[in-house]
Amino acid sequence: FSLGVKDSLMIAHSFHGHPSFGPAGGLHGATYTADVEFLSKELHPEFNWVIDIGKALDILSKVLSRYNLKNLDDVFPDNIMTTTEFMCKQIHDDICRLLEDECKDFKGAVRVKLWESHKAWATYTGL
(Lines give C-alpha, C1' and ligand atoms only; values in the text may rest on other atoms or scores of the structure.)
Protein backbone atom coordinates (compact mmCIF):
# COMPACT_ATOMS: atom_id res chain seq x y z
CA PHE A 1 0.00 0.00 0.00
CA SER A 2 1.08 3.57 -0.47
CA LEU A 3 -0.29 7.01 0.19
CA GLY A 4 1.19 9.95 -1.68
CA VAL A 5 1.21 13.68 -1.03
CA LYS A 6 2.70 16.54 -3.04
CA ASP A 7 3.98 20.06 -2.46
CA SER A 8 6.55 22.39 -3.99
CA LEU A 9 9.43 24.58 -2.92
CA MET A 10 11.64 27.21 -4.48
CA ILE A 11 15.35 27.23 -3.69
CA ALA A 12 18.58 28.85 -4.80
CA HIS A 13 21.91 27.06 -4.78
CA SER A 14 25.18 26.67 -6.59
CA PHE A 15 27.62 23.90 -7.23
CA HIS A 16 30.43 26.16 -6.08
CA GLY A 17 31.75 26.76 -9.59
CA HIS A 18 32.67 23.11 -10.12
CA PRO A 19 33.26 22.55 -13.85
CA SER A 20 31.38 19.21 -13.86
CA PHE A 21 28.11 21.14 -13.49
CA GLY A 22 28.69 23.50 -16.43
CA PRO A 23 26.56 26.65 -16.29
CA ALA A 24 24.71 25.28 -13.23
CA GLY A 25 27.94 25.57 -11.25
CA GLY A 26 27.06 29.18 -10.46
CA LEU A 27 24.22 30.44 -8.31
CA HIS A 28 20.81 29.63 -9.81
CA GLY A 29 17.27 28.93 -8.73
CA ALA A 30 15.07 25.88 -8.96
CA THR A 31 11.45 25.08 -8.25
CA TYR A 32 11.06 21.51 -7.08
CA THR A 33 7.87 19.52 -6.95
CA ALA A 34 8.10 17.03 -4.11
CA ASP A 35 6.12 13.79 -4.30
CA VAL A 36 6.27 11.78 -1.09
CA GLU A 37 4.94 8.26 -0.76
CA PHE A 38 4.35 6.54 2.54
CA LEU A 39 4.63 2.80 1.94
CA SER A 40 3.31 0.03 4.17
CA LYS A 41 2.77 -3.70 3.91
CA GLU A 42 -0.39 -3.39 5.99
CA LEU A 43 -3.13 -0.88 6.67
CA HIS A 44 -3.64 0.50 10.16
CA PRO A 45 -5.79 -2.09 11.99
CA GLU A 46 -8.40 0.42 13.14
CA PHE A 47 -8.43 3.15 10.47
CA ASN A 48 -7.56 1.19 7.30
CA TRP A 49 -5.02 3.79 6.18
CA VAL A 50 -1.31 3.90 5.58
CA ILE A 51 -1.11 7.30 7.28
CA ASP A 52 -3.57 10.10 7.85
CA ILE A 53 -3.50 12.32 4.73
CA GLY A 54 -3.72 15.51 6.77
CA LYS A 55 -0.80 14.46 8.95
CA ALA A 56 1.24 13.47 5.89
CA LEU A 57 0.60 16.87 4.28
CA ASP A 58 1.44 18.67 7.52
CA ILE A 59 4.73 16.81 7.93
CA LEU A 60 5.73 17.49 4.31
CA SER A 61 4.89 21.18 4.67
CA LYS A 62 6.97 21.47 7.86
CA VAL A 63 9.97 19.77 6.25
CA LEU A 64 9.86 21.82 3.06
CA SER A 65 9.56 25.08 5.00
CA ARG A 66 13.14 24.53 6.18
CA TYR A 67 14.35 24.92 2.56
CA ASN A 68 11.66 26.94 0.78
CA LEU A 69 12.83 30.36 -0.44
CA LYS A 70 16.31 29.72 0.96
CA ASN A 71 19.76 29.55 -0.56
CA LEU A 72 20.87 25.97 0.07
CA ASP A 73 24.49 27.18 0.06
CA ASP A 74 23.63 28.88 3.38
CA VAL A 75 21.58 25.99 4.76
CA PHE A 76 24.36 23.48 3.95
CA PRO A 77 27.71 25.24 4.35
CA ASP A 78 31.11 23.66 3.64
CA ASN A 79 30.60 23.46 -0.15
CA ILE A 80 28.12 20.57 -0.01
CA MET A 81 26.79 19.79 -3.48
CA THR A 82 23.04 20.11 -2.96
CA THR A 83 22.06 18.00 -5.95
CA THR A 84 18.50 16.85 -6.44
CA GLU A 85 19.59 13.39 -5.27
CA PHE A 86 21.13 14.86 -2.11
CA MET A 87 17.98 16.83 -1.38
CA CYS A 88 15.80 13.71 -1.82
CA LYS A 89 17.74 11.99 0.95
CA GLN A 90 17.75 15.09 3.15
CA ILE A 91 13.98 15.58 2.83
CA HIS A 92 13.46 11.86 3.43
CA ASP A 93 15.51 11.91 6.61
CA ASP A 94 13.73 15.06 7.86
CA ILE A 95 10.34 13.43 7.23
CA CYS A 96 11.39 10.29 9.10
CA ARG A 97 12.51 12.35 12.11
CA LEU A 98 9.11 14.08 12.23
CA LEU A 99 7.30 10.77 11.83
CA GLU A 100 9.08 9.46 14.94
CA ASP A 101 7.84 12.47 16.93
CA GLU A 102 4.42 13.12 15.43
CA CYS A 103 3.14 9.87 13.96
CA LYS A 104 4.44 6.98 16.01
CA ASP A 105 1.85 4.56 14.62
CA PHE A 106 3.16 4.80 11.04
CA LYS A 107 4.85 1.53 10.12
CA GLY A 108 6.56 1.51 6.77
CA ALA A 109 8.97 3.25 4.44
CA VAL A 110 9.12 6.68 2.85
CA ARG A 111 9.92 7.49 -0.79
CA VAL A 112 10.75 11.04 -1.90
CA LYS A 113 10.71 12.06 -5.55
CA LEU A 114 11.90 15.55 -6.43
CA TRP A 115 10.96 16.81 -9.86
CA GLU A 116 13.57 19.27 -11.09
CA SER A 117 11.49 19.85 -14.21
CA HIS A 118 8.88 17.98 -16.22
CA LYS A 119 11.82 16.12 -17.80
CA ALA A 120 14.06 15.26 -14.84
CA TRP A 121 13.69 13.93 -11.30
CA ALA A 122 15.48 12.03 -8.57
CA THR A 123 14.13 9.55 -6.04
CA TYR A 124 15.22 8.21 -2.66
CA THR A 125 13.50 5.37 -0.86
CA GLY A 126 14.43 4.50 2.70
CA LEU A 127 13.83 0.93 3.69
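The values are calculated or read from the model by the stated rules, or taken from the named source; none is laboratory data. These numbers come from a predicted model, not from an experiment. With ideal geometry, Cβ positions are generated from the backbone for all residues, glycine too; neighbour counts draw on all protein chains shown. Quick note on the areas: whole protein, heavy atoms, side chains included, nothing else; ligands and nucleic acids left out. Shrake-Rupley method; radii C 1.70, N 1.55, O 1.52, S 1.80 Å.
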For this session: Please work out the Cα center distance from the stretch 80-127 to the stretch 22-56, rounded to the nearest Å.
Result: 6
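Using packing as a proxy for protection, rank 83-92, 60-69 so that the peptide with the highest average count of other Cβ atoms within 10 Å comes first. Write out the running numbers ahead of the final one.
On the way: 83-92: 18.9, 60-69: 16.3.
The most tightly packed comes first, giving 83-92, 60-69.
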For this session: Averaged over every viewing direction, what's the projected area of the C-alpha convex hull for the stretch 53-111? Give it in nm², one decimal, please.
Result: 4.5
For this session: Quick one: compute a quarter of the convex hull surface over the Cα atoms of the chain and quote it in nm².
Result: 8.1
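Using per-residue counts of other Cβ atoms within 10 Å, averaged over each peptide, order 46-52, 17-23, 30-36 from highest down. Spell out each step's value before the answer.
Numbers: 46-52: 15.0, 17-23: 9.6, 30-36: 18.3.
Going from most to least packed, we get 30-36, 46-52, 17-23.
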For this session: Sum -39500 (n - 2.57) across every DSSP H segment of at least 4 residues in the chain, then divide by the residue count to get the 222 nm mean residue ellipticity, nearest 500.
Result: -9000 deg cm²/dmol
Problem set entry | Whole-Hz couplings from phi, Karplus 6.51/-1.76/1.60, listed for the stretch 112-127; x for Gly and Pro | 10, 10, 9, 8, 7, 7, 6, 10, 9, 8, 9, 9, 9, 10, x, 10
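What percent do you get for the relative contact order of the chain when only Cα pairs under 8 Å and 6+ apart count?
30
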Problem set entry | Cα centre as origin, Lys/Arg/Asp/Glu Cβ charges: the stretch 1-79 dipole, Debye | 120
Seminar exercise, completed: In degrees, nearest 10, the alpha-carbon axis of helix 53-65 is tilted away from the dominant principal axis of the alpha carbons of the chain by 20
Seminar exercise, completed: Gyration tensor on Cα atoms of the stretch 1-47, a ≥ b ≥ c root eigenvalues, a/c under 1.5 rounded, else prolate if a/b beats b/c, else oblate, says prolate
Problem set entry | Options L64, I11, L43, ranked by Cα towards positive dipole end of the chain, top entry (Cβ charges) | I11
Exercise. For the stretch 6-78, what is the Kirkwood estimate of the hydrodynamic radius, computed as the reciprocal of the mean inverse distance between distinct Cα atoms, to one decimal in Å?
Worked result: 14.6
Exercise. Under a 5 Å amide H to amide H cut-off, with H placed in plane at 1.01 Å, what residues pair with K70 once short-range neighbours are removed?
Worked result: A12
For this session: Over the chain, average the accessible area per residue using a 1.4 Å probe and give it in Å², no decimals.
Result: 57
Seminar exercise, completed: Which of K55/K89; K6/K55; K62/K113; K70/K104 exceed 24 Å between C-alpha atoms? The answer is K70/K104
Exercise. Going by average Cβ neighbours within 10 Å, how do the peptides 115-123, 37-45 rank, with the highest at the top?
Worked result: 37-45, 115-123
Exercise. Over the stretch 44-113, what percent of the accessible surface lies on carbon and sulfur atoms, probe 1.4 Å?
Worked result: 52
